[in-house]
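Undergrad: Right, I'll just put the structure down here and ask away after.
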Amino acid sequence: MSATTTVRVPVALQREVTRVSELVQETPGDLLAAAWAEYVEHHRDDIAADLQRAADLVRNGTLEELVEFTQDAHHTIVHVDIDDVIAAWEDPAVQAVLDASRAAVSASRTTGRRIEL
């Protein structure tokens, strides 16, 4: 067994991890360790590129450039075309999924299970 330490996470996240860990019969720590390993595996190239860029800025850039990079490195801006949103909303397949979801919520309320979207 490897050494462990305490990691602080928001209470809501801790509750979610605990619920999922019970479902998959893993400890919360093992579940988080697996999630971290998967994250690193799937983002290895991005992490390496960020480290390389930071190292280049430390060697050749200004302090302001380094600060700007570290502050803005992972801010994501999502641009949404309103015409695409309207087209998706009007798509019969999307409407069918929404209708089925509404019916499932309604049925869950009548059976007392209270599934919400």
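The values are calculated or read from the model by the stated rules, or taken from the named source; none is laboratory data. Remember, it's a predicted structure, so these values are computed and weren't measured experimentally. Note that each Cβ is placed from the backbone with ideal geometry, even for glycine, and that neighbours are counted across all protein chains shown.
Undergrad: Which of (1) surrounded by 11 or more Cβ atoms within 10 Å (Cβ to Cβ); (2) over 21 Å from the mean Cα position of the chain (by Cα) does Leu63 not meet, given it meets every other one?
TA: (1)
Undergrad: Oh, and also: Could you list, in sequence order, the residues of region 8-41 that are loosely packed, with under 10 Cβ neighbours inside 10 Å and either under 30 Å from Ala73 (Cβ atoms) or of a type in the set (Gly, Ala, Ser) (or both)?
TA: If the condition is that a residue be loosely packed, with under 10 Cβ neighbours inside 10 Å and either under 30 Å from Ala73 (Cβ atoms) or of a type in the set (Gly, Ala, Ser) (or both), then Arg8, Pro10, Val11, Ala12, Glu41 are the ones that fit.
Undergrad: Suppose we filter Ala88, Ala93, Ala103 for residues that are of a type in the set (A, V, I, L, M, F, W, C), exposed (fewer than 10 other Cβ atoms within 10 Å of the Cβ) and not assigned by TED's automatic domain parsing to the domain that holds Thr5; which single one remains?
TA: After ruling out the rest, the residue left standing is Ala93.
Undergrad: Something else: Sort through Ser106, Ser2, Ser101, Ser21 and tell me the only one that's in contact with a helix residue (DSSP H, G or I) (Cβ under 6 Å, 6 or more places away or on another chain) and modelled with pLDDT under 90.
TA: Ser21
Undergrad: Ok, one more. Condition test on Val78, is it under 27 Å from His43 (Cβ atoms), at pLDDT 85 or above and not charged (D, E, K, R)?
TA: no
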